[in-house]
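First up is the structure itself, then whatever we jot down about it.
What follows is calculated from the coordinates using simple rules that are stated; it is not laboratory data. Only a predicted model underlies this, so the values are computations on that prediction, with no experimental measurement involved. Don't worry about glycine lacking a Cβ; one is built from the backbone with ideal geometry, like all the others, and counts go over all protein chains shown.
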Amino acid sequence: MNDVQVWREGAVGRIRLARRTALNALTPPMCDVMTGALLGWWHDDSLTTIILDHAPQVRGFCAGGDVAWVRQSVLRDGGNAARAFFGHEYRLNHLLFTCPKVLVCFMDGVTMGGGVGLALPCLYRVATPNTLLAMPEGSIGLFPDVGAGWYLPRLLHHVGPFLALTGARLDGAECLWAGLATHYLPDNALEEAKAAISADPATIEQVLERLATTPPPARLEGNAEAIEHLFAGSTLAAVRATLAADGSRWAAKELAAVDARCPTSATVALRLFAADVPDFAAEMALEHRIALRMIARPDFAEGVRAVLVDKTGDALWQPPAIGAALDAIFAPLPAGEEWTPHRV
């Protein structure tokens, strides 16, 4: 079975992730196949809609990029292959964001990191009782990328910084409440929804509304006021101080989550969220600069070792990058190395 399956049903293009290992973790060939499909359909006026989903044999939509492979590149070839991968992946993210077709993503099961980057550009984002969404990059010494610097700061109640700094995992109801999903469907209605959309893509809205169900209460909503207050700080030190001073059991739990993750990942995320970028292409160019610097830092190889290789959870983080060290992570790349989008 190919790791990405691409086919067409009338006016609807289908892109299905089907990598049975690693929960559809994205590889360079997978990104290339999806990019080729989008470019091939871009100017085809007879195709109006694209559905993104995952094969039923895989437990989730997409667990993110294949960071174990990225780590191997860093250790074996100095990161050359990894740097090329980030450029391709971010071009795919930009293609999805600017795609002239109506995009529908079924976020059934695990949807994390790079999977979130595939889902959030879509006009329709369907959550289910199985949805488990997170931006876990801080646990491996990276940062929330794939457009997170564009999407997460736009969430209400400072939910974006909360997700970035704690790695919190949201269920489908919480995704709907936070605006990360547009609809909530029972998992036994997904195939009916896809078939109905493929039969008549002009009825997407009606199909999803007809099959949608009322989700259970969003647990996150109960902490919205606390999140808005406790994660309002513009620096890691400010957020930590507010959490430490709160005194509640919930704040103590979230402070422990923040402290378990790479501190430079947190400082980078907060600065990224405050960046003033004019459009999504500029966002991806900025994230590309950051990604190339972050994978070269010792924290990345150490974080992947602790979480995915040895699975000991005992990463020894470097002190947080501040001042000139933080500026260097965001600085422009040398001439000719800056990220640019696909021309379509």
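Rounded to the nearest 10 degrees, the inclination of helix 80-98 to the longest alpha-carbon principal axis of the chain is 50 degrees. Between D45 and A244, the contour length at 0.36 nm per residue exceeds the alpha carbon distance by 66.1 nm. Here the dipole of the chain is about 580 debye; that uses its Cα centre as origin and unit charges on the Cβ of Lys and Arg (positive) and Asp and Glu (negative).
The ellipsoid equivalent to the alpha-carbon distribution of the range 1-96 has semi-axes of 26, 17, 8 angstrom, derived from the gyration tensor eigenvalues as √(5λ) and listed largest first.
When only alpha carbons of the range 271-316 are considered, Rg and Dmax amount to 14.2, 41 Å. Axis angle, to the nearest 10 degrees, between helix 249-260 and the longest C-alpha principal axis of the chain: 80 degrees.
Measuring between their Cα centroids, the range 146-214 and the range 23-102 lie 20 Å from each other.
Selection among I227, I295, I329 by position relative to the dipole of the chain gives I295 as farthest towards the positive end (Cβ unit charges, Cα centre).
Ranking T182, M135, P153 by how far each Cα lies toward the positive end of the dipole of the chain (charges on Cβ) leaves M135 at the top.
Taking 0.36 nm per residue of sequence separation and subtracting the Cα-Cα distance, how much length would be gained by fully extending the chain between E205 and A252, in nm to one decimal? Don't skip to the end; give the middle numbers.
Working: separation 47, 0.36 × 47 = 16.92 nm, distance 4.19 nm.
Gain on stretching E205 to A252: 12.7 nm.
As a size descriptor, the averaged projected area of the C-alpha convex hull of the range 266-344 was calculated at 6.9 nm².
Going from the alpha-carbon gyration tensor of the range 129-268, what semi-axes, largest first and in whole Å, does one get by taking the root of 5 times each eigenvalue? Before the final figure, lay out each step's value.
Numbers: eigenvalues 224, 51, 29 Å².
Taking √(5λ) for each Cα gyration eigenvalue gives 33, 16, 12 Å.
Computed from point charges on the beta carbon alone (+1 for Lys and Arg, -1 for Asp and Glu), the dipole magnitude for the range 272-330 about its Cα centre is near 220 Debye.
Across the range 169-238, the convex hull enclosing all Cα atoms gives 118 Å³ per residue. Working value for the range 118-167: equivalent-ellipsoid semi-axes of 18, 13, 12 Å, each the square root of 5 times a Cα gyration tensor eigenvalue, largest first.
Run through every distinct alpha carbon pair of the range 159-206 and return the Kirkwood hydrodynamic radius in angstroms, one decimal place.
For the range 159-206, the Kirkwood estimate is 12.7 Å.
Assign one of three labels to the chain, namely rounded, prolate or oblate, based on the Cα gyration tensor with a ≥ b ≥ c the square roots of its eigenvalues; rounded applies when a/c is under 1.5, prolate when it is not and a/b is larger than b/c, and oblate otherwise. Note, shape of the chain comes out oblate. Amide hydrogen proximity for C105: with H placed 1.01 Å from N in the peptide plane, the residues at 5 or more positions away or on another chain lying under 5 Å are L52, Y124, R125, V126. May I ask for the angle, rounded to the nearest 10°, between helix 190-199 and the longest principal axis of the chain, with both axes built from Cα atoms and the value confined to 0 to 90°? Around 50 degrees separate the two axes. A cysteine counts as unpartnered when no other cysteine's C-beta lies under 4.7 Å of its own; in the chain this applies to C31, C62, C99, C175, C262.
Could you tell me which chymotrypsin sites (Phe, Trp or Tyr not before Pro) in the range 81-171 are loop residues by DSSP with no more than 15 other beta carbons within 10 angstrom of their beta carbon? Intermediate results must be reported in sequence, preceding the final value.
Working: sites: F85, F86, Y90, F97, F106, Y124, W150, Y151, F162; in loops: none.
Of the chymotrypsin sites (Phe, Trp or Tyr not before Pro), not one in the loops of the range 81-171 has a Cβ with at most 15 other Cβ atoms within 10 Å.
Backbone amide hydrogens, once placed in the peptide plane, bring T49 within less than 5 Å of G13, V102, excluding anything fewer than 5 places away on its chain. Sites listed here are GluC sites (Glu not before Pro) in the range 292-344 whose DSSP assignment is loop and whose Cβ has at most 14 other Cβ atoms within 10 Å: E337, E338. Taking the Cα centre of the range 212-323 as reference, the dipole from Cβ charges on Lys and Arg (+1) and Asp and Glu (-1) amounts to some 320 debye. Binning the C-alpha pair distances of the range 7-163 at 10 Å intervals from 0 yields a P(r) profile of 11, 40, 36, 12, 1 %, listed from the shortest bin outward. On the beta carbon distance between A237 and T213, with R0 = 41 Å, the FRET formula returns roughly 0.40. Under a point spin-label approximation (7 Å from Cα along Cα-to-Cβ), what is the K311-R343 distance to one decimal in nm? Label-label distance for K311 and R343, simple model: 4.7 nm. The convex hull drawn around the Cα atoms of the range 214-314, when projected onto a plane and averaged over every direction, covers 9.3 nm². Amide H to amide H distances under 5 Å link L26 with G64, G65, D66, where only residues 5 or more positions off or on other chains count and H is placed in the peptide plane. Other residues with beta-carbon under 10 Å from the beta-carbon of G114 carry, at +1 per Lys or Arg and -1 per Asp or Glu, a net charge of -4.
Could you calculate the contour length gain from A324 to E225, that is, 0.36 nm times the residue separation minus the distance between their Cα atoms, to one decimal place in nm? Before the final figure, lay out the partial values.
Values: separation 99, 0.36 × 99 = 35.64 nm, distance 3.44 nm.
Difference between extended and current length: 32.2 nm.
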